[in-house]
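Notes follow the structure.
The values are calculated or read from the model by the stated rules, or taken from the named source; none is laboratory data. Quick caveat, the model's predicted, so the values are computed rather than measured. With ideal geometry, Cβ positions are generated from the backbone for all residues, glycine too; neighbour counts draw on all protein chains shown.
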């Protein structure tokens, strides 16, 4: 089994690998866990978020284990307009074709939104915008702290319910990803399961959550 990991806003693949160490243990040693860096580098002060974009869609902006990254940037949160999405999708398509095929995706926050969009594209019969050659629809998705986005340009990816089996991990005290919008994301999947934890906008470590992850993985492997 090969699994794609998509980190959240202002994270990177190194930090995400550490934060997901408990969930990672739900997979067997034979499974391959692939962590991607988002291509956009972000730096912020009290007044503004500064961004750096890669030169091509086949690379990420250079950085290290401390570099903060994003899959896209909000031009204005009030109207939901975003920047960098097209470049990110071309980069994701390139990396999936290079490192895949994948059986599932694990995403946190912005990475969960991107993972949901990927599920939608891969279930599309035509794949007009993005081909993702040699990548079949995903078998499962683990969405942690993810929400249905308000961004107008992304709504087309949520018009049809997705068939991918999904587990939605929601923090009862999450003020970043509201429970309401997290449930809306879960509702965009036909076969979704919801697991709550007693935390906020985090990747939880609780045994109950890990049990749900293990159950999903075992179900997928049984169906293989």
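Quick notes on this structure:
- Of note, residue 102 does not satisfy the criterion of being more than 23 Å from residue 203 (Cβ to Cβ) and either out of contact with any helix residue (DSSP H, G or I) (no Cβ under 6 Å at 6 or more places or on another chain) or surrounded by 14 or more Cβ atoms within 10 Å (Cβ to Cβ) (or both).
- Extreme residue, modelled with the highest pLDDT, among residues of region 38-55 that are surrounded by fewer than 11 Cβ atoms within 10 Å (Cβ to Cβ) and in a loop (DSSP other than H, G, I, E, B): 55
- Scanning region 1-27 for residues that are out of contact with any strand residue (DSSP E or B) (no Cβ under 8 Å at 6 or more places or on another chain) and without any contact (Cβ under 8 Å) to a residue 24 or more places away in the chain gives 18, 21.
- Filter result for residue 35 (outside any loop (DSSP other than H, G, I, E, B), crowded, with 18+ Cβ neighbours inside 10 Å, touching a helix residue (DSSP H, G or I) at 6+ places or on another chain (Cβ under 7 Å) and modelled with pLDDT of 90 or more): yes
- Of the residues 117, 113, the single one that is over 8 Å from the mean Cα position of the chain (by Cα) and in a helix (DSSP H, G or I) is 117.
- Selection within region 66-97 - in a loop (DSSP other than H, G, I, E, B), modelled with pLDDT of 85 or more, surrounded by fewer than 16 Cβ atoms within 10 Å (Cβ to Cβ) and under 19 Å from the mean Cα position of the chain (by Cα): none
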